[in-house]
Number of protein chains: 2
Amino acid sequence: MLSIRPAQADDISAVLGLIRELAEFEKLEVKNSEEVLLRDGFGASPKFRVLIAEWDGQLAGYAFFFPFYSTFAGPGMFLEDLFVRSQFRGKNIGSRLLSNVAAIAVGEGCVAMRWQVLDWNQPAIDFYKELDADFLDEWRTVSLSGEPLRRAAGGAA
Amino acid sequence: MLSIRPAQADDISAVLGLIRELAEFEKLEVKNSEEVLLRDGFGASPKFRVLIAEWDGQLAGYAFFFPFYSTFAGPGMFLEDLFVRSQFRGKNIGSRLLSNVAAIAVGEGCVAMRWQVLDWNQPAIDFYKELDADFLDEWRTVSLSGEPLRRAAGGAA
């Protein structure tokens, strides 16, 4: 039996555990901490929201999202993470999490949802195709951090 | 002579004009309006910020940005648009706009900036490489809007 609810501050340790499981699956590194997630997600103006999925009371997955803005189209919702723990897959939990985020987005006047998927994650890609999502494959994502970010900031007027 | 300043509500018509010039360059369509941009950018809790670049008092370009959040790394700044009008290129204006956004991002504790570039826009790609930016080419961008978004929202718990 599935239940989906917004994460509260005292879920943050569980959420970080799920983030670490996702990072392991994606072969990426987690540098974030409980402290920073608490500060950024549960203060006066939260920078993100999290939905938690439980299956028979056990932690099964999460969705992590925040607004973005398309200059061409208007307000949207960015789904940063959608994750279901391996032992809970095949129960439609990812789809229900995504639907709940979509319902929040539509309810708040968003014209689109956007997210990213690793190009080798074929099960996820197939799932998104079933939703009739568009793949914006002309766009490359660029990231600037660390010393190159500080150097760029140093050139400000 | 270059000056860079935050856009105000009464710049919105000029900003939408620049957005339309960018869309023409990118061969994309603008569905947004002055009304919606005013509502979303200049109300009680703005969904985005805009920097305007002027060259000898003439409108030369803009940067359009808002926060994002990396679960793995922490808070970041997303640069949705960076645009310099064709007659003002070659004056380092894009670089100065990007530096100003980077300085705001660093000043606000962001660990990264992120943006996207069309894969055929080689001058932009070369510019980003000079900044030592990373290209996250394993990631595909997915978008859900219109009827498929409403259908997904209909499956909420």
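The values are calculated or read from the model by the stated rules, or taken from the named source; none is laboratory data. None of these values were measured; they are calculated from a predicted model. Positions of Cβ are backbone-derived with ideal geometry, glycine not excepted, and every protein chain shown enters the neighbour counts. Accessible surface is based on the protein model in full, side chains and every heavy atom, while ligands, DNA and RNA are left aside. Shrake-Rupley method; radii C 1.70, N 1.55, O 1.52, S 1.80 Å.
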- [ ] With 23 Å as the limit, write out which pairs from A:K47/A:K129; A:K47/B:K129; A:K91/A:K129 have Cα-Cα distances beyond it, or answer none.
- [x] A:K47/A:K129; A:K47/B:K129
Open item on the list: In whole Å, what are the extents of the protein assembly as shown along the principal axes defined by its C-alpha atoms, from largest to smallest?
Closed with: 66, 40, 38
Open item on the list: How far apart, in nanometres, would the label points at A:F135 and B:Q122 be if each is projected 7 angstrom from Cα along the Cα-to-Cβ direction?
Closed with: 2.6
Task: Gyration tensor over alpha-carbon atoms, segment B:88-153, equivalent ellipsoid semi-axes in Å - done: 29, 17, 13
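What total accessible area, in Å², is buried where chains A and B meet, using a 1.4 Å probe and rounding to the nearest 100?
Working: alone 10560 and 10570 Å², together 14460 Å².
Answer for the A-B pair: about 6700 Å² buried.
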TODO: Sum up the charges of everything whose Cβ sits under 15 Å from the Cβ of A:G109, counting Lys and Arg as +1 and Asp and Glu as -1, but leave A:G109 out.
DONE: +1
Open item on the list: Taking amide H atoms as placed 1.01 Å from N in the peptide plane, list the residues 5 or more away in sequence, or in a different chain, whose amide H sits under 5 Å from that of B:A60.
Closed with: B:A53, B:E54, B:W55
Task: Peptide B:72-85, shielding by other chains (average Cβ, 10 Å cutoff) - done: 4
Task: the protein assembly as shown: calculated mean residue ellipticity at 222 nm from DSSP helix runs of at least 4, using -39500 (n - 2.57) - done: -11000 deg cm²/dmol
Task: ³J(HN,Hα), Karplus 6.51/-1.76/1.60, whole Hz, each residue of segment B:43-59, x for Gly, Pro - done: x, 5, 10, x, 8, 7, 10, 10, 9, 10, 9, 10, 10, 6, x, 9, 4
Task: Calculated from backbone phi, Karplus (6.51, -1.76, 1.60) coupling profile of segment A:98-104 in Hz, x at Gly/Pro - done: 4, 4, 5, 5, 4, 5, 5
Task: Mean-position separation - Cα centroids, segment A:28-87 and segment A:101-157, in angstrom - done: 13
Task: Distance between modelled label sites at A:S33 and A:E54, nm, 7 Å Cα→Cβ extension - done: 2.9
TODO: From other protein chains only, count the Cβ atoms within 10 Å of every residue's Cβ in A:26-35, then give the mean.
DONE: 3
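If I compute solvent accessible area with a 1.4 Å probe over the protein chains, what percent of it on chain A is carbon and sulfur?
Working: 3540 of 7230 Å².
The nonpolar share, carbon plus sulfur, comes to 49 percent.
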Task: Surface accessible to a 1.4 Å probe, per residue, for the residues of segment B:1-141, Å² - done: 46
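If the viscosity is 1.002 mPa s and the temperature 20 °C, what Stokes-Einstein diffusion coefficient in µm²/s follows for chain A when Rh is the Kirkwood radius over Cα pairs?
Numbers: Rh = 17.2 Å.
The calculation lands on 125 µm²/s.
Based on the mean of other Cβ atoms within 10 Å per residue, sort peptides B:129-136, B:23-30, A:106-113 so the most packed one is first.
The packing order, highest mean first, is A:106-113, B:129-136, B:23-30.
Mean separation of Cα pairs under 8 Å and 6+ residues apart, divided by the residue count of chain A: what relative contact order is that in percent?
Working: 174 pairs, mean separation 26.9, N = 157.
Answer for chain A is 17 percent.
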TODO: May I ask for the net charge around B:A156, where only other residues with Cβ less than 12 Å from the Cβ of B:A156 are counted and Lys, Arg are +1 while Asp, Glu are -1?
DONE: +3
TODO: Read phi for every residue in segment B:63-76 and hand back ³J(HN,Hα) as whole Hz from Karplus 6.51 cos²θ - 1.76 cosθ + 1.60, θ = phi - 60°, with x for Gly and Pro.
DONE: 10, 10, 8, 7, x, 10, 9, 9, 4, 7, 10, x, x, x
Task: Peptide-level mean, for B:98-106, of C-beta atoms on other protein chains within 10 Å - done: 6
